[in-house]
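Participant: Here you go, one structure.
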Amino acid sequence: MKEFIPELMRTKLFAGVGGEDVLSMLTCLGARLHTYKKGEYVLRQGEHLSDIVVLAEGSLHIQKDDYWGNRSILGSIGVGEIFGEAYAAPESGALLNDVIAVENSSVFFFDVKRIITTCSSACRFHTMVVQNLFYAVSEKNRGLVQKLDCISRRTTREKLITYLSEEAKKQKSAEITIPFNRQQLADYLSVDRSAMSNELCRMRDEGLLEFQKNRFRLC
């Protein structure tokens, strides 16, 4: 676990906590490290979760398949991001979505009860971690509102413009890299891939943007 201390220090959960303190808190918070190969499921729909989960390495997608195999990508999880907090409450029920590794990934699981309950050893940074968790949940809620705004747009072009604009704001640059390939982006925006690709080409021809694979430059 020690090799991931620098990554954990950069997470929202451990913001402001020093390396030695993070290391000591791994035991305090009941940390467990699991590795997954590309394509493996980290969590499956219907499972029950009693942990806060942090991605230390790799990339994950939150997705859902319907009865006929149609896939919707609800979000992506990057290094340092938290997930699973929506199921922290005792009566929150089973997972509604799958979480899958889109590349080889390392994931920390933290016992949620140990996070929200002050430990007997009175770790001096425990309160800070609880505060950080609250801020992280608030930020994710804002992200969900942004996605709702995006997918509620009527046309494929409006969805693309809204999504790419938000990514440019988030990355503070007109040149951005998104965490999706073409099919994944179509699944995320809930649009047909061919129609989306055609719209991207039209937007490029109109001088609105340039792109290569998952890299975009907004003009």
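Participant: Does Val99 fit the bill of being touching a helix residue (DSSP H, G or I) at 6+ places or on another chain (Cβ under 9 Å), among the β-branched types (Val, Ile, Thr) and at pLDDT 80 or above? Break it down into steps so the answer makes sense when it comes.
Facilitator: Values: touching a helix residue (DSSP H, G or I) at 6+ places or on another chain (Cβ under 9 Å): no; among the β-branched types (Val, Ile, Thr): yes; at pLDDT 80 or above: yes.
No, not satisfied.
Participant: Something else now. Which of (1) touching a Gly at 6+ places or on another chain (Cβ under 9 Å); (2) of a type in the set (A, V, I, L, M); (3) in a helix (DSSP H, G or I) is the odd one out, the single condition Ala86 does not satisfy?
Facilitator: Against the list (1) touching a Gly at 6+ places or on another chain (Cβ under 9 Å); (2) of a type in the set (A, V, I, L, M); (3) in a helix (DSSP H, G or I), Ala86 comes up short only on (1).
Participant: Which of (1) at pLDDT below 85; (2) out of contact with any helix residue (DSSP H, G or I) (no Cβ under 7 Å at 6 or more places or on another chain); (3) surrounded by 15 or more Cβ atoms within 10 Å (Cβ to Cβ) is the odd one out, the single condition Val42 does not satisfy?
Facilitator: The number of the failed condition is (1).
Participant: Just to be sure I understand, how many residues within the range 130-154 are closer than 25 Å to Asp192 by Cβ and either among the hydroxyl-bearing types (Ser, Thr, Tyr) or touching a strand residue (DSSP E or B) at 6+ places or on another chain (Cβ under 6 Å) (or both)?
Facilitator: Summing the residues that are closer than 25 Å to Asp192 by Cβ and either among the hydroxyl-bearing types (Ser, Thr, Tyr) or touching a strand residue (DSSP E or B) at 6+ places or on another chain (Cβ under 6 Å) (or both) in the range 130-154 gives 1.
Residue by residue, here is whether (1) farther than 17 Å from Lys147 by Cα; (2) in the same structural domain as Ile77 (by TED's automatic domain parsing); (3) out of contact with any Phe, Trp or Tyr (no Cβ under 8 Å at 6 or more places or on another chain) holds:
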| site | (1), (2), (3) |
| --- | --- |
| Ser165 | no, no, yes |
| Val191 | no, no, yes |
| Asn198 | yes, no, yes |
| Arg204 | yes, no, no |
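Participant: Moving to a separate point now. Any residue in the range 65-73 that is among the β-branched types (Val, Ile, Thr) and either at pLDDT 80 or above or assigned to a loop (DSSP other than H, G, I, E, B) (or both)? Steps first, answer last, please.
Facilitator: So in the range 65-73, the residues among the β-branched types (Val, Ile, Thr) come out as 73.
Next, only the ones that are either at pLDDT 80 or above or assigned to a loop (DSSP other than H, G, I, E, B) (or both) stay: 73.
Yes, the range 65-73 has at least one match.
Rundown of residues vs (1) part of a loop (DSSP other than H, G, I, E, B); (2) touching a residue at least 40 places away in the same chain (Cβ under 8 Å), yes/no style:
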{"position": "Tyr135", "(1), (2)": "no, yes"}
{"position": "Glu139", "(1), (2)": "no, yes"}
{"position": "Val145", "(1), (2)": "no, no"}
{"position": "Asp149", "(1), (2)": "no, no"}
{"position": "Val191", "(1), (2)": "yes, no"}
{"position": "Arg204", "(1), (2)": "no, no"}
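Participant: Looking only at the range 177-190, which residues are crowded, with 19+ Cβ neighbours inside 10 Å and either among the β-branched types (Val, Ile, Thr) or in contact with a helix residue (DSSP H, G or I) (Cβ under 9 Å, 6 or more places away or on another chain) (or both)? Spell out how you get there, then give the answer.
Facilitator: If we filter the range 177-190 for residues that are crowded, with 19+ Cβ neighbours inside 10 Å, which is where we start, we get 184-189.
The answer is Leu185, Ala186, Asp187, Tyr188, Leu189.
Participant: Turning to a different aspect of this structure: Out of (1) touching a Leu at 6+ places or on another chain (Cβ under 9 Å); (2) under 25 Å from Gly75 (Cα atoms), the odd one out for Lys2 is which?
Facilitator: Condition (2) is where Lys2 drops out.
Participant: Within the range 92-101, is even one residue within 18 Å of Leu29 (Cα to Cα), without any contact (Cβ under 8 Å) to a residue 60 or more places away in the chain and part of a strand (DSSP E or B)?
Facilitator: So the first thing to find is which residues in the range 92-101 are within 18 Å of Leu29 (Cα to Cα), and the list is none.
Looking through the range 92-101, none of the residues is within 18 Å of Leu29 (Cα to Cα), without any contact (Cβ under 8 Å) to a residue 60 or more places away in the chain and part of a strand (DSSP E or B).
Participant: Okay, moving on. Name the residues in the range 1-54 that are in contact (Cβ under 8 Å) with a residue 24 or more places away in the chain, in contact with a Gly (Cβ under 6 Å, 6 or more places away or on another chain) and in a helix (DSSP H, G or I), would you?
Facilitator: none
The values are calculated or read from the model by the stated rules, or taken from the named source; none is laboratory data. This is a predicted model, so every value here is computed, not measured. Positions of Cβ are generated from backbone atoms using ideal geometry, with glycine treated the same way; all protein chains shown enter the neighbour counts.
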